[in-house]
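The values are calculated or read from the model by the stated rules, or taken from the named source; none is laboratory data. A quick note: this is a predicted structure, and the numbers were derived from the prediction, not measured. Virtual Cβ from ideal backbone geometry, glycine too; neighbours counted across all protein chains shown. Accessible surface is based on the protein model in full, side chains and every heavy atom, while ligands, DNA and RNA are left aside. Shrake-Rupley method; radii C 1.70, N 1.55, O 1.52, S 1.80 Å.
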Amino acid sequence: MKILVINSGSSSIKYRLYNMPSEEIVLRGMIERIGERNSKVKNHHQGLELILSKVGEVDAVGHRVVHGGEFFKRPSLINSRVVRVIKLCCKLAPLHNPANLEGINACRQLLPGIKQAAVFDTAFHQSIPGYAFIYALPFSYYKKLGIRRYGFHGTSHQYVTNEAAKILRKPLNRVNIISCHLGNGCSITAVKSGKSVDTSMGFTPLEGLVMGTRCGDIDPALVTFIMRRKKMGREEMERVLNKESGLKGLSGIGNDMRRIEEAARRGSKQAALALDVFIYRIRKYIGAYLAAIGNTDAVVFTAGIGENQGYIRARICRNLFDNLKNRPRVLVIPTDEELMIARETYKIIGSRQGGMER
Ligand code: ADP
């Protein structure tokens, strides 16, 4: 069965064609600069026409969707109702869900009769219990505005959880791990009995770890303090927190961790401090999640930094487990969100299940 995986962003579409269940990649590519001036591809519809002309016939399509709110606890077969609900979730992810929907709508028009599935970044975290997902704000904010921890990178955390279970030779429902996705965006998830029970990203992907350009956890009072002191508007403030902070803001040399590690090695104090802050925050979270899940089988590292930067992994883990009776294994598992989407799509379309939880 040929499954096309689509990751549709605001100005790009990444795609992969898989032969399932063999998981062989038949074709992969990316269309960029959609809708930009001088670009030949004016919109997502045109972009997908181009992709379909390259991939030929497909049997099913799997779409990455960033936000499924509280509606989707697992991947869903796409129908008009599912599209409507994804649209409802746009207010929770105004930069991402509309672009994901563009991809879905274009495929529905161009491939009538071909089954399609939506795989949500938030779904894996829907098992997080109330005490871990509620913010201590007026309760009505949760009820009326949907303000709560949703978490992201769920497809990646779920993929490495499944792979870890195979490596540990344990059934999924007996696997306890701490999954560290350290790329440009960084998040860490506590997995108990194969399920996400807490994660560092929150209502948006800004919370938690120090990231390439995002600040992660800060005192919330700083936001209004900085706005007043620097006479900043809302948009500028959001831009600083999302695009000018994190490793970039701290190091002064950008968001590329390879360059920061190199600069620290050559004696840059500022780069060394950025590295220290990054590592310390991760150690703090791992400590908290060890307490949250108890006996931990493994701490798993994945994504650009997690997979490739052994020095950082070693510093994160240094003496961290010394006082534990059962020390977790440290695993490096390359993430593969596209393959996870292909697998989930194959599962849904194969078994004809899917649909919303409520
Ligand atoms: P994204 O979240 O954009 O997918 P990646 O998972 O590609 O990010 O991670 C990017 C981060 O990983 C950067 O800080 C980069 O410096 C770091 N990194 C270290 N080694 C590599 C590598 N071999 N390839 C890509 N990124 C790497």
- Task: Report the far tail of the P(r) of segment 25-117, meaning the percent of Cα-Cα pairs longer than 22 Å.
- Result: 31
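So for segment 1-89, averaging the separation of alpha carbon pairs under 8 Å that are six or more residues apart and normalising by length, what relative contact order in percent results?
On the way: 118 pairs, mean separation 24.8, N = 89.
That works out to 28 percent.
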- Item | Helix 337-351 axis, angle to the chain major axis (alpha carbon atoms, nearest 10°) | 40
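Sorted by accessible area (1.4 Å probe), largest first, how do Cys317, Cys186 line up?
Numbers: Cys317 25, Cys186 0 Å².
I get Cys317, Cys186, largest accessible area first.
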- Suppose R0 equals 25 Å; then what is the FRET efficiency for Asn184 and Lys40 from their Cβ-Cβ distance, rounded to the nearest 0.05? 0.35
- Scan segment 68-171 for chymotrypsin sites (Phe, Trp or Tyr not before Pro) in coil per DSSP, keeping those whose Cβ has at most 16 other Cβ atoms within 10 Å, and list them by number. Tyr135
- Modelled label-to-label distance, Asp217 and Asn326, 7 Å Cα→beta-carbon offset: nm? 2.6
- Where in segment 266-292 does the amide nitrogen come within less than 12 Å of the point 7 Å from the Cα of Ile253, taken along Cα to Cβ? 266-275
- Query: Any idea what the relative contact order of segment 67-138 is, in percent, if you count C-alpha pairs under 8 Å spaced at least 6 apart?
  - Reply: 49
- Query: Rounded to the nearest 0.05, what FRET efficiency do Val26 and Asn308 have when you use their Cβ-Cβ distance and R0 = 30 Å?
  - Reply: 0.65
- Given Cβ charges of +1 for Lys and Arg and -1 for Asp and Glu, the option among Gly146, Leu48, Thr224 whose Cα lies farthest towards the positive end of the dipole of the chain is Thr224
- Within segment 106-131: backbone nitrogen closer than 16 Å to the Val85 label point (7 Å, Cα to C-beta): 116-127
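Which FRET efficiency value, to the nearest 0.05, is calculated for Glu57 and Ala292 with the Förster distance at 56 angstrom and r the Cβ-Cβ distance?
So, using R0 = 56 Å, E works out to roughly 0.75.
Could you put Thr189, Thr335 in order of accessible surface area, largest first, with the 1.4 Å probe and the full protein assembly present? Before the final figure, lay out the partial values.
Working: Thr189 0, Thr335 35 Å².
Sorted descending by solvent-accessible area, the residues read Thr335, Thr189.
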- Message: Please list, ordered by chain and number, the residues whose modelled amide H lies under 5 Å from the amide H of His63; skip anything fewer than 5 residues away on the same chain.
- Response: Ile6, Ala117, Ala118, Val119
- Between Arg318 and Leu273, how many nm apart are label points set 7 Å from Cα along the C-beta direction? 1.9
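Return a whole-number percent for the relative contact order of segment 106-211, with Cα pairs under 8 Å and 6 or more residues apart as the contact set.
On the way: 167 pairs, mean separation 28.4, N = 106.
This gives 27 percent for segment 106-211.
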- Over what distance in Å are the Cα centres of segment 238-291 and segment 91-162 separated? 27
- Expressed in nm to one decimal, what extension gain is obtained for the pair Arg239 and Leu110 from 0.36 nm per residue of sequence separation less their Cα-Cα distance? 42.8 nm
